[in-house]
Amino acid sequence: MKIGIIGDIHGNLCALTAVLEALDSRKVDEIACVGDVVGYGARPVECIALVRERVKVVVAGNHDWGAVGKVALDYFNAAARQALRWTAGQLSDDDRWWLSNLPLVHTCDEYEVAHASLYRPEEFKYILNPEEAAPNFSAQTAKVAFFGHTHWPSIFFDGEPVRHSIQKVVPLDLPGRVLANPGSVGQPRDSNPAAGFAVLDLARKRINFMRVEYDIKTAAGRIIEAGLPAFLAERLSLGY
Ligand code: ZN
């Protein structure tokens, strides 16, 4: 069984379409999303529709809940706040219902998913280093867990001390638990503008981290067209 792991889509339909095509060509059996379907980008409604159609497991990101008033707007920086107000104005009642009812954590036998951390998921804490990853392992029950929020592809290995890595292939036939961030579909911040995602391959016991090029020019143009801050368009081609 192969599971596509995506997240931090942020209303970027061009990037989401490219990633779904890449997952189709790898013949994944199902797709899970670490949240932040909306926010920043200019196609939130279309991204919600496509995610609802194609993605089996979705958890709530801070932007998903920010757009429906479940996370206060003063949590966000000025550009994110402006984009969330605009996003809120695009949503239908059904979109709002769907975003509001996303769970914070999903757990099954094979893997767990949370947007920021399995530990106090409602606080949306950033996991950028081993010290920040350590509390997560106290809450992680499955061998593999996925998170997003930082927009950086990265892996943490449980142990004393917790170890950090950015390797492209992670073997899962070793002892210990693994916490992995697939990177961001719609707004990568690791200086690589290509859309990021991962594939959990249960038969081959490994996670593959991948990137796919997409039409950044169109995605950026839509942000400008919508009257959103120009910085949100410019950062797409910088991978920041
Ligand atoms: Zn995000």
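Nothing in this text is a laboratory measurement; each read-out follows from the coordinates by a stated rule. In this text, all values refer to a predicted model and were calculated from it rather than measured experimentally. When we count neighbours, we look across all protein chains shown, and the Cβ atoms used for this are built from the backbone with ideal geometry, even at glycine.
What to note about this one:
- A simple charge model with +1 on the Cβ of Lys and Arg, -1 on the Cβ of Asp and Glu and nothing else charged puts the dipole of the chain at about 320 debye relative to its Cα centre.
- Summed over qualifying helices (DSSP H, 4 residues or more, each -39500 (n - 2.57)) and divided by its residue number, the chain shows a 222 nm mean residue ellipticity of -9500 deg cm²/dmol.
- Dipole size of segment 169-214 about its Cα centre, with +1 on Lys/Arg Cβ and -1 on Asp/Glu Cβ: approximately 120 debye, rounded to the nearest 20.
- For the peptides 164-172, 17-25, 179-187, residues were scored by their other Cβ atoms within 10 Å and the scores averaged per peptide; the highest-first order is 179-187, 17-25, 164-172.
- Residue exposure proxy: S100, S154, S92, ordered by other Cβ atoms within 10 angstrom of their Cβ from fewest to most, comes out as S92, S100, S154.
- The residues packed around G186, meaning those with a beta-carbon under 9 Å from its beta-carbon, carry a net charge of -2 if Lys and Arg are +1 and Asp and Glu are -1.
- Distance (nanometres) between label positions extended 7 Å along Cα→Cβ at N77 and M1: 3.9
- Scattering profile of segment 131-190 at q = 0.17, 0.30 Å⁻¹ [log10 I(q)/I(0), Debye over alpha-carbon scatterers]: -0.54, -1.41
- Multiplying the residue separation of N129 and N101 by 0.36 nm and removing their Cα-Cα distance gives an extension gain of 7.1 nm.
- Spacing of the two label points (7 Å from each Cα toward its C-beta) at R120 and R54, in nm: 3.6
- Along segment 41-58 the Karplus relation, 6.51 cos²θ - 1.76 cosθ + 1.60 evaluated at θ = phi - 60°, assigns HN-Hα couplings of x, 9, 10, x, 5, 5, 5, 4, 4, 5, 5, 5, 6, 10, 10, 7, 10, 9 Hz to successive residues, with x for each Gly and Pro.
- As a length-normalised measure over Cα pairs under 8 Å and 6 or more apart, the relative contact order of segment 1-109 settles at 27 percent.
- Charge tally around R163: other residues with Cβ under 14 Å, Lys/Arg +1 each, Asp/Glu -1 each, net -3.
- Pairs beyond 23 Å (Cα-Cα), from K70/K125; K125/K205; K27/K125; K56/K125; K125/K217: K125/K205; K27/K125; K56/K125; K125/K217
- Only Cα pairs under 8 Å and 6+ residues apart enter the sum, and on that basis the relative contact order of the chain stands at 23 percent.
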